[in-house]
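Read through the structure below, which is laid out as C-alpha cells, and then see the notes.
The values are calculated or read from the model by the stated rules, or taken from the named source; none is laboratory data. Please read all numbers here as calculations on a predicted model, not as lab measurements. Cβ: placed from backbone, ideal geometry, glycine included. Neighbour counts: every protein chain shown. In case anyone asks, the SASA skips ligands and DNA or RNA and just uses the protein heavy atoms, side chains included. Shrake-Rupley method; radii C 1.70, N 1.55, O 1.52, S 1.80 Å.
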Amino acid sequence: MTELLATENVSPAIAKDHATLTANAVAVLQAERAGLDALENALLDPHGLGGAFARAVDVISALTGRLVITGIGKSGHIARKIQATMASTGTPALFVHPAEASHGDLGMVQQGDAVLAFSNSGETTELGDIAAHTRRCGLPLLAVTSRAGSTLASRADIALTLPAMPEACPMGLAPTTSTTMQLAFGDALAVALLQQRGFTASDFSHFHPGGRLGMRLRTVQELMRTGDALPIGQENTPMRDVIVEMTCKALGCIAILDHNGALAGLITDGDLRRALDLDLTTTLAKDVMNRNPLTIGPDVFAADALRLMNERKRPITSLFVLDDTGKPMGAVHMHDLLRAGVG
C-alpha cells in the first residue's frame, strides 16, 4: 500500500492530471481573489460603492426594527449566512425566503424594518413581491447586485453595486466569484455595523453562550470559587494554621488579608517550601507572604485569565479575584478553566 502511494510510483499521466487539477484549482482562487481586489477598490470610491456602503450603514444603524435579508439560489445561501453574522454581532436580523414571502411570510416584514436583498443579476423574479412590499409600506430597500441598471437596483433606495467580474467557473455560469464577493461584502457590512454600534466582546458572549467559543467568552466571575471554598488567613495567622487552611481548601495558595479585609499578600505552595527552615509555630503569615501577587478582576474573560497564568516564566495555577476595593471575592484555578473548556 505504501509503495502504491509513493510519489515515484505515480505514472506520468496521473501526475500530469494531478498538475492540471491543481492548476485549475489555483485559477479559481486567482479569479476569486481578483474579484475581492475589485471589490476593495470599489469600496474605496466615495462617489460609488463606498458612498452607498456608508449610507447603508447609517440606514441600518438607525432601524427601530429588524434587517430582513433575502435572496434565492446561491445568493439565498449567502443571505442566510450574512443574516446569521448580523444577528450574532448586534444587528437584529432575520432571513425571509422570497418564495415563502409571496405565500404569507411578508407578514414578517413590519414597520421599522429594512430589506437587504441579494441578487447578482438584479433580475430575480422571486424578489418582486418582497420588493413591492417595501415600496407599499415605505420600508428601506437595499439591493446587493452587480448590475447598476437592473430592475432590483433601480427600485432600491440604496443600490450596492458590486463590480461585475468573471465567474471562476470555466463556463462562466456557476456562481463562484460573484458569491465570494457577496459574502465578503456582507461580512464587511456586518463588521462596520458592529463597530458603529460599539459592540464589544462582552456583548458577543451574550449571543454565544454555548460551545467552545461560548466557554472562551465566559468571565472569571462565572467560573471562580467563592465563599467557604476560599482559603483565607490574616497577617498574624501562625504558619501552622496557614498550612491547615491551605490543605483543606486545596487551591495551592491562601489569601492573606489586612485589618480592612483587603488582600495584603498571598502564600503559595512554593512559598511554603521556601519557609520550611523557619519555625512554623512562631512564624506568621505576614513573614512569608508575597506582598505583590498577580490578581485579576471579575469581568476579565476566562481565556485571558488562562493566558495570564501561562505567560509567566513559571506558570501559576491560581488567581485571586478582587473587587474594586481590593477585597477577594473569589479565586480561579487553572484546572477549573480547563474543565470548563476554556483552554
TODO: Starting from the range 37-52, take each residue that is modelled with pLDDT of 95 or more and list its partners that are open to solvent by less than 90 Å² (accessible area, probe 1.4 Å) and of a type in the set (Ser, Thr, Tyr), counting only C-beta distances under 7 angstrom and pairs at least six apart or across chains.
DONE: LEU49/THR161
Task: Test result for THR317, at pLDDT 90 or above and of a type in the set (Val, Ile, Thr) - done: no
Open item on the list: Here is a check on your reading of the model: is ARG291 at pLDDT below 90 and open to solvent by 50 Å² or more (accessible area, probe 1.4 Å)?
Closed with: no
Open item on the list: Being within 30 Å of the chain's Cα centre (by Cα) and open to solvent by 10 Å² or more (accessible area, probe 1.4 Å) is the filter here; which residues of the range 90-100 pass it?
Closed with: GLY90, PRO92, ALA93, LEU94, PHE95, HIS97
Open item on the list: Would you confirm whether or not the range 273-283 contains a residue that is touching a Ser or Thr at 6+ places or on another chain (Cβ under 8 Å), farther than 23 Å from ARG314 by Cβ and open to solvent by less than 30 Å² (accessible area, probe 1.4 Å)?
Closed with: no
Open item on the list: Quick check on GLY73: is it of a type outside the set (Val, Ile, Thr), open to solvent by less than 70 Å² (accessible area, probe 1.4 Å) and free of Cβ contacts under 8 Å to residues at least 40 places away in the same chain?
Closed with: no
Task: Complete set of residues in the range 255-266 that are in contact with a Pro (Cβ under 9 Å, 6 or more places away or on another chain) and crowded, with 18+ Cβ neighbours inside 10 Å - done: ALA255, LEU257, LEU263, GLY265, LEU266
TODO: Could you identify the single residue in ALA153, ALA184 that is closer than 21 Å to ALA93 by Cβ, in a helix (DSSP H, G or I) and either in contact with a Leu (Cβ under 8 Å, 6 or more places away or on another chain) or not acidic (Asp, Glu) (or both)?
DONE: ALA184
TODO: Within the range 79-89, identify whether any single residue is more than 29 Å from GLN196 (Cβ to Cβ) and either assigned to a helix (DSSP H, G or I) or open to solvent by less than 40 Å² (accessible area, probe 1.4 Å) (or both), and answer yes or no.
DONE: no
- [ ] Within the range 122-145, work out how many residues are surrounded by 20 or more Cβ atoms within 10 Å (Cβ to Cβ), within 18 Å of HIS77 (Cα to Cα) and of a type outside the set (A, V, I, L, M).
- [x] 3
TODO: Check whether at least one residue in the range 229-242 is at pLDDT below 90 and among the polar types (S, T, N, Q), and report yes or no.
DONE: no
- [ ] Tell me, yes or no, whether the range 14-32 has at least one residue that is more than 15 Å from THR179 (Cα to Cα), open to solvent by less than 50 Å² (accessible area, probe 1.4 Å), part of a loop (DSSP other than H, G, I, E, B) and modelled with pLDDT under 85.
- [x] no
Task: Residue match in the range 211-221 (condition: crowded, with 17+ Cβ neighbours inside 10 Å, modelled with pLDDT of 90 or more, more than 30 Å from ALA54 (Cβ to Cβ) and not aromatic (Phe, Trp, Tyr)) - done: no
TODO: Find all pairs meeting these conditions: Cβ atoms under 8 angstrom apart; at least six residues apart or on different chains; first residue within the range 120-143 and small (Gly, Ala, Ser); second residue assigned to a helix (DSSP H, G or I).
DONE: GLY122/THR151; GLY122/LEU152; GLY122/ALA153; ALA131/LEU152; ALA131/ARG155; ALA143/LEU152; ALA143/ALA153; ALA143/ARG155
Task: Considering residues of the range 101-121 that are assigned to a strand (DSSP E or B) and of a type in the set (A, V, I, L, M) only, the residue surrounded by the fewest Cβ atoms within 10 Å (Cβ to Cβ) - done: ALA114
